[in-house]
1. Between 227, 221, which is at pLDDT below 95, part of a loop (DSSP other than H, G, I, E, B) and within 16 Å of residue 265 (Cβ to Cβ)?
2. So the check is Cβ under 6 Å with 6+ separation or different chains; which pairs have a first residue in segment 114-125 that's part of a loop (DSSP other than H, G, I, E, B) and a second one that's buried (at least 18 other Cβ atoms within 10 Å of the Cβ)?
3. Taking the residues in segment 1-53 that are of a type in the set (S, T, N, Q) and part of a helix (DSSP H, G or I) as candidates, determine which candidate is surrounded by the most Cβ atoms within 10 Å (Cβ to Cβ).
4. Tally time: how many residues in segment 152-164 are farther than 21 Å from residue 63 by Cβ and assigned to a loop (DSSP other than H, G, I, E, B)?
Amino acid sequence: MPELPEVETTRRHLAPVVEGALVDGVEIRRDRMARRNQRPGDVGERMTGRRVLRLGRRGKFLIGDLEGGITWVSHLGMSGRFAVTDPDAPEAPHTNVVVHLRSRPQVRLVDPRMFGFVAAFTPDELAHALAAVGPDALDELPRTARLLEALRGRTAPIKALLLDQRLVAGLGNIYADEVLHRARVAPQRPGGSLNAAEVAAVRAAIGVVLRAGLRHGGTSLNDLAYLLPDGRAGDYLSRLAVYGRDGETCRRCGGVVERVVVRGRSSHWCRGCQR
């Protein structure tokens, strides 16, 4: 579930803790969490003894630059979240990765479904891992003309294309629904059917929706799978226009929010104001 606002909010909370810190060790409790490296032990061996220089992000990936050209890459998958805690604090269930920092709190990755991962990459491995990741939806959003060209002739639904991280990186199911509602574009529309004005509206909506999600700490659903690293819930849920509101009244036009399945993903929209 974590998407760009949740990942960026996580980054902002983690950065003051990890930047400048020396990694004293990494515990991989489940080998699956280190599956992007050739051996699970590579993560700890490459990170231990190196200082974290900077913590950045690209799309849904957290990217930590370490001394010696090693990059610490994390993805939260569907249910992952980072927790910053005292080393003596009880561990939450499904704590699958623990990063020990010298003279700093521990950083723990909690991931019940284990769709997330941590990795420690060399420069060549990093380039390969991110080769198919498109421009960041918040910081590198392409201009309208470039997006229009990328969508030209595409028959896939615009909702599916927004979820394809090669077009723009960072949008997931929640924010794609919100973007399309704000832009007044139906999720089932073939991407190539959007005209320049509609693509411009989608582009503008991406920025507005993502920044709103960030202001409110992201979206914690009722299962609380996503929490901030300090344990608080993001409070954007009550401000969602369509996602999860099927059967309820559209706040813009008074129609009824519907749920449809687009390329295997639940999509929420209002036929009264999305065309």
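The values are calculated or read from the model by the stated rules, or taken from the named source; none is laboratory data. Predicted model only: the values in this text are computed from it and were never measured. As a convention, Cβ positions derive from the backbone with ideal geometry for all residues, glycine included, and neighbour counts pool all protein chains shown.
1. On the way: 227 fails: within 16 Å of residue 265 (Cβ to Cβ).
One residue alone meets the criteria, 221.
2. Within 6 Å, the pairs are 115/77; 116/75; 116/76; 116/77; 116/80.
3. Among residues in segment 1-53 that are of a type in the set (S, T, N, Q) and part of a helix (DSSP H, G or I), the one surrounded by the most Cβ atoms within 10 Å (Cβ to Cβ) is 10.
4. Qualifying residue count, segment 152-164: 5.
For (1) closer than 23 Å to residue 239 by Cα; (2) assigned to a loop (DSSP other than H, G, I, E, B); (3) within 17 Å of the chain's Cα centre (by Cα), each residue gets a yes or a no:
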position: 134; (1), (2), (3): no, yes, yes
position: 142; (1), (2), (3): no, yes, no
position: 150; (1), (2), (3): no, no, no
position: 167; (1), (2), (3): no, yes, yes
position: 174; (1), (2), (3): yes, no, yes
position: 199; (1), (2), (3): no, no, no
position: 217; (1), (2), (3): yes, yes, yes
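Table: residues versus (1) in a loop (DSSP other than H, G, I, E, B); (2) touching a strand residue (DSSP E or B) at 6+ places or on another chain (Cβ under 7 Å); (3) over 19 Å from residue 41 (Cα atoms); (4) not assigned by TED's automatic domain parsing to the domain that holds residue 22.
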{"site": "64", "(1), (2), (3), (4)": "no, yes, no, no"}
{"site": "74", "(1), (2), (3), (4)": "no, yes, no, no"}
{"site": "82", "(1), (2), (3), (4)": "no, yes, yes, no"}
{"site": "88", "(1), (2), (3), (4)": "yes, no, yes, no"}
{"site": "98", "(1), (2), (3), (4)": "no, yes, no, no"}
{"site": "112", "(1), (2), (3), (4)": "yes, no, yes, no"}
